[in-house]
Every structure is written in C-alpha cells, then in structure tokens.
Amino acid sequence: MPDGKYSVQHSVTIQEKRNSLKYKVLTSAETNVLSGKTRSFEDIKGNFDGLSAKIRNFIEKSADLCKPSQLYICDGSEEENTQLLQLLVENGVAKPIDKYQNSYLVRTNPADTARVESKTFICTPDKYTSVPRTKSGVTPSLGNWISPEDMEIAVKERFTNCMVGRTMYVLPFSMGPVGSPLAKIGIQLTDSPYVALSMRIMTRMGAEVLKVLGDDDFVRCLHCVGTPKSGVHENPLWPCDPERTIILHKPETNEIVSYGSGYGGNSLLGKKCFALRIGSTIAKKEGWLAEHMLIMGFTNPKNEKMYLGAAFPSACGKTNLAMMTPSLKGYKVECVGDDIAWMRFDKDGILKAVNPENGFFGVAPGTNSKSNPIAMETIKKNTIFTNVASTSNGGVFWEGMEEEVDLKETTITDWKNKEWDHQSNAAHPNSRFCTPAAQCPIIDPSWESPEGVPISAILFGGRRPEGVPLVYEARDWKHAVLVGASMRSEATAAAEHKGKMIMHDPFAMRPFFGYNFAHYIEHWVSMEKEGRKMPRVFHVNWFRKDANGKFMWPGFGENTRVLDWIMRRCNGEDVAVETPIGWVPKPGSINLEGLENPPNMEELTKVDKEFFLKELDQIEKYFDDQLTTDLPETMKDELKRYRERLSKY
Ligand code: O2Y
Ligand code: MN
C-alpha cells in the first residue's frame, strides 16, 4: 500500500468505530420504530414514522439506492449538536479550538477545497432552458447542461450502495425565517456529519421546520461524500471522490443531487445549489428574485435608515461590506446577510428582501481586525473553521492575521496539518469560517423579519483597476438591467493562467444561474410594473488603481462616503451629473471630510469615452458569443441607445 493511503478496509474500521460510538450514545429502542417493513438501513435515530409520507418516500427511495446502515433524523437540538461534534473529535476529524468557545477546526482532503464549477450541471429536457445558445467554437461560460437520461446514469453510477457502512443524516431545513411567506423548505440527506453540523449553522435546521412543512412538498437534496472507484480513500478522515464529483440540479422536480465532495458550495446544499440555482428557477416561476447579494442597513446621522442589496462577484469583499465599520461619525451599518438575497415586491409595490441563510460561510484569509473587526468578533464562539491553520496556544491563524498572533511565541500548524514553513500558505486561500449570523454584533434587528426588509437601492460592483468610476447610478430600470448584465471583475482566469483578467460575471451570478441567462435578463426586465417602487440601481468600484498600481480609493470603512452619496440620491438630492454611462457624483458631492490623503475625485468620477466605447465592444462581443440569438430585444435596444449616447459624448 502506498504511503499515506488507506484501503477501504481501513476506512471501514474507522466507520465501525464511528458506529460503535453512535450506538453507545444515541440508539434508543423507543426511537427505533420500524413499522414491520424491511428497510435497507439497520438502525434509526429519530421518529421515522412521524415524518410525512412525502419525506418517508424520499428517504426510502434514497436509502434503497444508497444502502446506508443507519438513519439519523436530525432534530437540530443542542444535545444532538454536541453529540455530533463529539463524534467528529473522537474520530480525529475535528479539533477543538480552545481559545474560542465551542469552536472546531476541520481539515479536508487537499483535493477537496472549493466549489467545482465545471462539475456543476442543470438538468432539463431541453438544453436551452438551462443554458443560452452560444456561437459555434466558443466555450460556453454561463452554466453546464445535462440531459435527464445522462443525469440518471450519473446518479446510478455513483450512488448505488454509496452509503454502505455509513449513516444517512436527514436534515430538514428552512431557507429564510421559519414560517416566513418568503421562506422555502428543503430536506437534505447526507452521509457527512460535518455537513449536518454546518447545515445547522447555515440554515434553520431541525424539528420546527417539519412542523411548518406538514404534508407540503420540499426541495429534495441528496448528498454523498463518495468513495473513489479504486476503493482507496486518500484520507479516511475526509472521504471524497474528486474525480467523480458531480453537482446536479433538476428544477422541474426541485431536486439537488451532489456526489464526491464534502466542501462548502458542493455539500451545504441550501446555499448555492438551493438558494441560488434552484431558488432562481422558483423565483422566475413565482415572480421574484433570488440573487447573489448581501443585504445591509445603512443609517445616517439624521437617523434616516435605508436597506440596500449589493451583488459583487465571489472574493470582492461582500462579507466586509455587509459588516462595514463606518469611518464617518454618526453613521451605522447593520447586517442582514452577506451572500444571498431573496427579494419580492409586496402588495404595496415595495421590494422586500430576506436573507435565506442563517450563518456566514466566509473566506478566512484577509479577514482581520482592520478589514473586518465585526467578523473577527462574530467567530469567537460556535464556529467551525475549515482548512485554516492552528496555533500552539489553541487559536486559529491565516494569511492576514500576522498582527493578531505573536508569531515569535507560537508555532503554527498549517492547513495540511504540518508545521508551517513560513513560506507556503499557512491556511488554504479558500479556507472558511462557518458561524451563526445571530452572533454578529451588528446583526440588523429586522434580519429575521418574516416579511423581509424594504430595499431602496441595489449595488452592482466588481474589481475594476482601470476606467470604471467609483460610483454611478443607472438611468432607469432597463439601463440598470444592462449594467447588471455587463458586470465584469478582475479575477484569476483559471488555475493554468497565472495572471489576472477582467472576467464577465453578469449580476455576480455567472456560476449560479439556475436557468438560461437570456431568460434571466427577461425576468429582471419584467420586474418593472405599474405601481411598483423600483429600487435605484448603482455601480460601484472600490478597486481603481493609479499608474503606480496603488488603490486610488481608501475603501473599507471609507466606503461610507459612497453609501452616503447613494442615500442622498435615493432621497432625491441634486448631487449627480448625467453622463452616457449614467449619473456620476457632482464635483464636491462626495464627503471627503477628515481624509488625510484626499483621493483624486476628478479621476475617480471621470467618464472616459474611449474606455467605455472599448468596454461596450467587449460587452457586445460577450453577448454575441455567449447568448447569440437568445439576447433579448430589450437589451439590444438598450445597447443601441448606450452606443448613441457614448458617440455623442
Ligand atoms: O468554495 C466554496 O465551496 C464556497 S464558495 C462561497 C462561499 C460563501 C459565499 N460565497 C461563495 C462564492 O463562491 O460566491
Ligand atoms: Mn458568494
């Protein structure tokens, strides 16, 4: 056997240990209610027969396929949480982080550390329901389609007997406050106790959800960490099957099936899979919006408060903005959510938003007492850390925490469980904290309001080192849709490209569309209706650089100054001038009081005709390549008007 590899036999031994622990702690004759039927699992924790017929049917069908040895119906209780954490610690999967109360570190298999976009599919009978028609020879970049037949083959091939010797956990969860008219319910079946614990943080999970669900339908989520074809687990503490990882979504039946990865977006199925991909398909059918947006409250010194949603691509600082500490006196930020917004116009025509999540699954590296002191406070208890480094005095460490940890006094164990060499990454760049939102010191008092919070403004943004002003406001709703559809941001193109490129990421949803992006544009356009108060829409760019590569805008808490300008626009103040790209700040209208090095506002608000003509060429080429004939007429008209405005400028 090669060094560091274990046979299935070995992992079964660990499984047996796991089982024996579970039996000791959990099995009770009263809860093991089998109604005379032979089931494919031998042992049940929880009241199976108390579940609705639809849930029992889902479990039985899945268990027939996966053949788990135990079934564990999670109730979401504190005791259950403690037992599962104990199981992970005793098995060596989780390590307590003594410095923080009830917090743990888990290290994954290094081959399973991020979402895998290339293995994520939407399944519909007709391909173009899922993805747009692309130009021949162009690599499609707006999602992957799979046929129902191929999905069935993929599922059978991977899931048959995949849970033999394992426990199938049943997780009833609500996306959105339990019982809210904006919330939706899912049931996830998984063989990962780590996923069960994380879902308890990221969603409202447990018995109360079952009560609200009654006999109604739900989103069916099936997840298995998998076993490689060879039967050999690289690391039995983190079983996975990277080669055969697949994440499937079937909007027609509201089904999500995920195999091979225990990590984040691949396994916490309430998040990207449900709240965005399946969510966006439900939203289209029902006439609302499921978006990759933070939601925040912003209050000025006059005690006027507004809520806004902001869509930035992954890794553009959404969590930092959602928890921003304002640099200006008298302003206040309160956080409703850091990643996803479900928004619906109410009967009075006001756009209301809920955060469907219950926790933050934030990127750890770069988070520190300067960039996000609120997040640093939030994670001090009840947090599961994944792939961060640990310190010899019982704490955690990652890149960006150099000032917070005495590196001379402590030794660091890196994310691969080796003594840190101070050369390579101590924490994986995609390492995470998974922490309850309710612990956030600036959580908004209305964050769990069942009807949601009223949205006055929507922000689109990205990392644009060149050309794009600090802030501008869209002219009207159709123009706003074009601004969202044209979003671009600097990002690492792909693992094989070292440099950064300006990538298209429309609405920050490129990896998360649940259906054809062209139809998504039409859906956004259709939101504007008589009697509705449309939110004002802005584009922001904190990331402009000067000729020396230095950021031109101070960012972080100083973004208060931009939010203040946005609020004044929403209040109808005359603080903007019209340009072909939209409304930019009038000279002197952004408050720069107290800034030691006043930024070059002329440059930061300038609209460079040549730059935007080139940008428009890029956008038209992108639409032409990626949407071809699917591009809606409204967008064609909008592009035409935009070119005319630019030509005359
Ligand atoms: O890599 C993953 O599995 C997580 S991705 C993620 C997690 C939290 C919030 N946003 C994202 C994202 O990629 O947008
Ligand atoms: Mn995200």
Whole-Hz ³J(HN,Hα) from phi, Karplus 6.51 cos²θ - 1.76 cosθ + 1.60, for segment 215-221, glycine and proline x | 9, 5, 7, 8, 7, 8, 10
Please name which of Gly452, Cys434, Ala474 has its Cα lying farthest along the dipole of the chain towards the positive end, using unit charges on Cβ (Lys, Arg +1; Asp, Glu -1) and the Cα centre as origin.
-> Ala474
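Excluding Arg200 itself, calculate the net charge of residues whose Cβ lies under 11 Å from the Cβ of Arg200, where each Lys or Arg counts +1 and each Asp or Glu counts -1.
Neighbour charge sum, excluding Arg200 itself: -2.
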Site Glu610, offset 7 angstrom along Cα→Cβ, radius 16 Å on amide nitrogen, limited to segment 632-649, gives 647, 649
Largest to smallest principal axis extent of the C-alpha atoms in segment 552-649, angstrom | 51, 28, 26
Arrange Lys347, Lys478 by Cβ neighbour counts within 10 Å, fewest through most, would you?
-> Lys347, Lys478
Tabulate in residue order the Karplus-calculated ³J(HN,Hα) for segment 629-638, using 6.51 cos²θ - 1.76 cosθ + 1.60 with θ = phi - 60°, rounded to whole Hz; enter x for Gly and Pro.
-> 6, 6, 4, x, 4, 4, 6, 4, 4, 5
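So for the chain, averaging the separation of alpha carbon pairs under 8 Å that are six or more residues apart and normalising by length, what relative contact order in percent results? Let's see the in-between values first.
On the way: 1384 pairs, mean separation 90.5, N = 649.
Rounded, it is 14 percent for the chain.
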Would you mind getting me the FRET efficiency between Ser449 and Asp421? Use the beta-carbon distance for r and R0 = 51 Å, nearest 0.05.
-> 0.55
Output row, site Asn600, 7 Å Cα→C-beta label point, backbone N cut-off 17 Å, window segment 535-579, residues 542-555
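Just to be sure I follow: if Rg is taken over the C-alpha atoms of segment 361-438 and Rh is the Kirkwood radius over the same atoms, what is Rg/Rh?
Across segment 361-438, the Cα-based Rg/Rh ratio is 0.94.
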Binning at 10 Å from 0, report for the chain what percent of all alpha-carbon pair distances ends up in each bin.
-> 3, 16, 26, 27, 18, 8, 2, 0
By how many degrees, 0 to 90 and rounded to 10, does the Cα axis of helix 53-66 deviate from the longest principal axis of the chain?
-> 70 degrees
Check: C-alpha center segment 445-497 vs C-alpha center segment 144-214, spacing in Å is 30 Å
What is the spin-label model distance, in nm, from Arg56 to Ile153 if the labels are put 7 Å beyond Cα along the C-beta direction?
-> 3.6 nm
Contour minus end-to-end for Leu328 and Lys135, with contour as 0.36 nm per residue of separation and end-to-end as the Cα-Cα distance?
-> 64.5 nm
If contacts are Cα pairs under 8 angstrom and at least 6 residues apart, what is the relative contact order of segment 361-438 in percent?
-> 45 percent
Taking the Cβ of each residue in Ser371, Ser118 as the centre, tally the other Cβ atoms inside 10 Å and list the residues starting with the fewest.
-> Ser118, Ser371
Which order do Val178, Val388, Val89 fall in if you start with the one that has the fewest other Cβ atoms within 10 Å?
-> Val89, Val178, Val388
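Give the average over all directions of the projected area of the C-alpha convex hull of segment 252-353, one decimal, in nm².
In nm², the orientation-averaged hull projection of segment 252-353 is 8.4.
Label segment 326-375 by shape, choosing from rounded, prolate and oblate, from the square roots a ≥ b ≥ c of the eigenvalues of the Cα gyration tensor; if a/c is under 1.5 it is rounded, and otherwise prolate applies when a/b is larger than b/c, oblate when it is not.
Cα axes put segment 326-375 in the oblate bin.
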When the helices in the chain are scored as -39500 (n - 2.57) per DSSP H run of 4 or longer and the sum is shared across all residues, what 222 nm value do you end up with, to the nearest 500 deg cm²/dmol?
-> -7500 deg cm²/dmol
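Read-outs: derived from the displayed coordinates by stated rules, not from any lab. Since we're looking at a predicted model, the values are computed, not measured. As a convention, Cβ positions derive from the backbone with ideal geometry for all residues, glycine included, and neighbour counts pool all protein chains shown.
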